[in-house]
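J.: Have a look at this one before I ask anything.
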Amino acid sequence: MIERPNDLPDFKKPPVAETVLSLQFEPIAGLTSAHLGLLWTKFRRDMPLIEEHPPLPPVYENFDAHPAPRVEVSIEDKSPTPRLWFLNQQKNELIQVQPDRLIRNWRRTEELDAYPRYEPIRTKFREEVARVEEFLRDEGLGAVSVRQCEVTYVNHIAPAGVWTSHADMKMVFAVWSGLAGPSFLPTMEDAGIRMRFVIPSSDREAIGRLHVTVQPVWRKADDSPIFAMNLTARGTPLGDRIENAFEFFDLARKWIVRGFADLTTPQMHRAWERIDV
């Protein structure tokens with residue numbers, strides 16, 4: 001297993017509710033629902049539960065005049081192959097697979113679930129990708145040719161004794177000034193945030209983006225206010241091999257963790273027990 005880089009911000013109690021690693025690749029020609037069911041047998045020991053969902057559309061970062069991610073839409077003369085979920089018994093770990101995508105999720109399903117950290121999740125996913133590659137070779141379905149990679153961290157930010165209502169964004173997010181005209185508008189009720197940052201390669205060419213969204217929501221368990229902060233780093237690895245994809249995952253994770261630290265306040269860092277400063 002790889003080691004955590006020493007130069008990354010670190011917290012004893014991070015508010016991470018879900019972590020997602022996603023490989024998007026050239027569609028595997030000939031991969032059918034029957035193949036996906038057979039693939040499940042390779043994972044069934046650790047992932048004994050299975051669910052069927054509609055396939056996800058391809059999403060690509062582009063760097064033309066309209067920087068929103070591009071979604072490809074195609075019309076097919078047959079029903080699309082579904083996306084299958086392979087889940088563990090606790091349903092806090094799952095693998096999603098469809099003809100052009102393989103995804104690894106960890107998600108908090110119980111309040112006391114401990115976040116396992118990126119390195120173990122990455123290590124498991126690398127082993128699972130190798131298992132899928134072996135299956136495709138054995139079935140004569142070809143190799144994986146990576147097109148896009150994506151890492152997402154979903155954070156559920158609770159008050160933690162720092163803030164009390166969704167109007168207190170400036171206590172949570174360093175990018176929020178909280179400035180408003182004091183002569184007319186009352187205290188705001190709530191607000192959201194949406195930002196994009198270009199991720200450059202070592203030669204400063206754009207290879208991806210970090211997308212950040214913040215929404216005020218209410219926790220189902222006790223109806224208390226929280227902020228849902230999603231950070232997604234998506235882009236094209238420098239090569240179509242699996243090793244290139246995992247290099248991009250590591251870069252994406254660095255952008256997410258450093259971006260999270262930049263965008264949140266020292267008060268919240270103390271509540272999450274930051275240990276690298």
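The values are calculated or read from the model by the stated rules, or taken from the named source; none is laboratory data. Just so you know, these numbers come straight off a predicted model, no measurement behind them. Reconstructed Cβ throughout: ideal geometry from the backbone, glycine too, with neighbour counts over all protein chains shown.
J.: Scanning for something under 27 Å from A206 (Cβ atoms) and surrounded by 19 or more Cβ atoms within 10 Å (Cβ to Cβ), does segment 159-170 turn up at least one residue? Steps first, please.
T.: Of segment 159-170, the ones under 27 Å from A206 (Cβ atoms) are none.
There is no residue in segment 159-170 that is under 27 Å from A206 (Cβ atoms) and surrounded by 19 or more Cβ atoms within 10 Å (Cβ to Cβ).
J.: Condition first: closer than 23 Å to P80 by Cα and touching a residue at least 24 places away in the same chain (Cβ under 8 Å). Can you find one or more residues in segment 118-130 that meet it? So that I can check it myself, show each step before the final result.
T.: Taking segment 118-130 first, the residues closer than 23 Å to P80 by Cα are 129.
With the extra rule that they be touching a residue at least 24 places away in the same chain (Cβ under 8 Å), the set shrinks to 129.
Yes, segment 118-130 contains at least one residue that is closer than 23 Å to P80 by Cα and touching a residue at least 24 places away in the same chain (Cβ under 8 Å).
J.: Just for segment 146-169: of the residues that are in contact with a strand residue (DSSP E or B) (Cβ under 8 Å, 6 or more places away or on another chain) and small (G, A, S), which one is farthest from R101 (Cα to Cα)?
T.: Here the residue is S165.
J.: Could you give every pair whose Cβ atoms fall below 7 Å, whose first residue belongs to segment 14-39 and is under 18 Å from A143 (Cβ atoms) and touching a residue at least 60 places away in the same chain (Cβ under 8 Å), and whose second residue is aromatic (F, W, Y) and in a helix (DSSP H, G or I), counting only separations of at least 6 or pairs across chains?
T.: L39/F135
J.: Being among the acidic types (D, E), loosely packed, with under 12 Cβ neighbours inside 10 Å and part of a helix (DSSP H, G or I) is the filter here, so list the residues in segment 104-151 that pass it. Step through it out loud before you land on a result.
T.: The first filter runs over segment 104-151 and keeps only residues among the acidic types (D, E), leaving 110-111, 113, 119, 127-128, 133-134, 138-139, 150.
Imposing the further condition that a residue be loosely packed, with under 12 Cβ neighbours inside 10 Å reduces the set to 110-111, 127, 134, 138.
Listed by number, the residues that qualify are E127, E134, D138.
J.: Given the conditions (1) under 24 Å from T232 (Cβ atoms); (2) buried (at least 18 other Cβ atoms within 10 Å of the Cβ), which single one is not true for D190?
T.: Unmet condition: (2).
J.: Another question, if that's okay. Go through segment 116-142 and give me each residue that's in contact with a strand residue (DSSP E or B) (Cβ under 9 Å, 6 or more places away or on another chain) and of a type in the set (A, V, I, L, M, F, W, C).
T.: Within segment 116-142, I121, F125, V129, V132 meet the criteria.
J.: A further question on this structure: Give the residue, chosen from R194, R234, R209, R204, that is free of Cβ contacts under 8 Å to residues at least 24 places away in the same chain and farther than 17 Å from N155 by Cβ.
T.: R204
J.: Here's something else I'd like to know. Of everything in segment 141-172 that's among the small types (G, A, S) and touching a residue at least 60 places away in the same chain (Cβ under 8 Å), which residue is farthest from E111 (Cα to Cα)? Write out each step before concluding.
T.: Of the residues in segment 141-172, the ones among the small types (G, A, S) are 142-143, 145, 158, 160-161, 165, 167.
From what is left, the residues that are touching a residue at least 60 places away in the same chain (Cβ under 8 Å) are 142, 145, 158, 160-161, 165.
Details: G142: 42, S145: 38, A158: 12, A160: 14, G161: 18, S165: 21 Å.
The extreme case among them is G142.
J.: Among residues belonging to segment 230-257 that are in a loop (DSSP other than H, G, I, E, B) and either surrounded by fewer than 18 Cβ atoms within 10 Å (Cβ to Cβ) or in contact with a Gly (Cβ under 7 Å, 6 or more places away or on another chain) (or both), point out the one that is modelled with the highest pLDDT.
T.: So the first thing to find is which residues in segment 230-257 are in a loop (DSSP other than H, G, I, E, B), and the list is 236-241.
Filter again for either surrounded by fewer than 18 Cβ atoms within 10 Å (Cβ to Cβ) or in contact with a Gly (Cβ under 7 Å, 6 or more places away or on another chain) (or both), leaving 236, 238-241.
Details: T236: 93, L238: 85, G239: 86, D240: 82, R241: 87.
The selected residue is T236.
J.: Among the numbered criteria (1) closer than 30 Å to D113 by Cα; (2) of a type in the set (S, T, N, Q); (3) modelled with pLDDT under 95, which single criterion is violated by N62?
T.: So N62 meets the others, but not (1).
J.: Suppose we filter F227, F197, F260 for residues that are outside any strand (DSSP E or B) and either at negative phi or of a type outside the set (S, T, Y) (or both); which single one remains? If you could, list the steps in order and put the result at the bottom.
T.: Numbers: F227 fails: outside any strand (DSSP E or B); F197 fails: outside any strand (DSSP E or B).
Step by step, each of F227, F197, F260 is checked, and only F260 is outside any strand (DSSP E or B) and either at negative phi or of a type outside the set (S, T, Y) (or both).
J.: Turning to a different aspect of this structure: I'm checking my understanding of the structure. Among residues of segment 19-63 that are among the β-branched types (V, I, T) and part of a loop (DSSP other than H, G, I, E, B), which one is surrounded by the fewest Cβ atoms within 10 Å (Cβ to Cβ)?
T.: Restricting to residues being among the β-branched types (V, I, T) and part of a loop (DSSP other than H, G, I, E, B), the top hit is T41.
J.: Buried (at least 16 other Cβ atoms within 10 Å of the Cβ) and part of a strand (DSSP E or B): does that describe H269? Walk me through how you get there before you give the answer.
T.: Numbers: buried (at least 16 other Cβ atoms within 10 Å of the Cβ): yes; part of a strand (DSSP E or B): no.
In short, no.
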